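Take a look at the structure below.
No lab work stands behind these numbers, since they all come straight from the coordinates. Everything numeric in this text was worked out from a predicted model, so none of it was measured. Quick reminder, even Gly has a Cβ in these numbers, built from the backbone with ideal geometry, and neighbours come from all protein chains shown.
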Amino acid sequence: MFRILGACDEEFKLVILMRNDLKMTKGKIAAQAGHAAVNCALSIKKKDPKTFDRWTMSGQTKIVLRIDSERELFEFKAVADAQNINNSLICDAGRTQIEPGTCTCLGVGPAASSVLDKITGGLKML
């Protein structure tokens, strides 16, 4: 069930920061994004059910943005941690395309779009 947001309601979203430098296939990228989305959703549902409900009721928006290095990935994680924003770092098991333990993406949120835009607003879509 979805509802239409009123003018005073804020949208919520989940942002996934995907490493572009790894040159993963589309399928691998989709799998890694799925891991990030599921981890973030389960985590926020447990820690902050109201945020989970607002994100769910506003359409479960997920945005995948591109970053260019592992260093960038950890910088964004540090910012999310410092601001106490729910996040999940995804590191691959290494069974297919990349080395075991390679960190591929970071899920950030779900959170208010205005909060996430301050952190990730300058990034481009994948």
Round to the nearest 0.05 the FRET efficiency obtained for residue 21 and residue 47 when R0 = 30 Å and r is the Cβ-Cβ distance.
0.45
Kindly provide the trypsin sites (Lys or Arg not before Pro) of the stretch 55-102 that DSSP labels as loop, not H, G, I, E or B, and whose Cβ sees at most 11 other Cβ atoms within 10 Å.
95
Percent relative contact order of the stretch 12-120, based on C-alpha pairs within less than 8 angstrom and at least six residues apart?
42
Long-range amide H partners of residue 91, meaning residues 5 or more apart or on another chain whose placed amide H is closer than 5 Å, are 104
Longest to shortest principal axis, alpha-carbon extents of the stretch 31-70, angstrom:
33, 18, 16
I'd like to compare 48-56, 31-39: which one has the highest average count of other Cβ atoms within 10 Å, and what's the full order after that?
31-39, 48-56
Need one number: nm distance between label points at residue 39 and residue 99, each 7 Å from Cα along Cα→Cβ, rounded to one decimal.
1.9
Estimated 222 nm signal from helices in the chain, with DSSP H stretches of n ≥ 4 weighted -39500 (n - 2.57), rounded to 500
-13000 deg cm²/dmol
Could you calculate, for the chain, the ratio of the Cα radius of gyration to the Kirkwood radius, expressed as Rg to Rh?
0.98
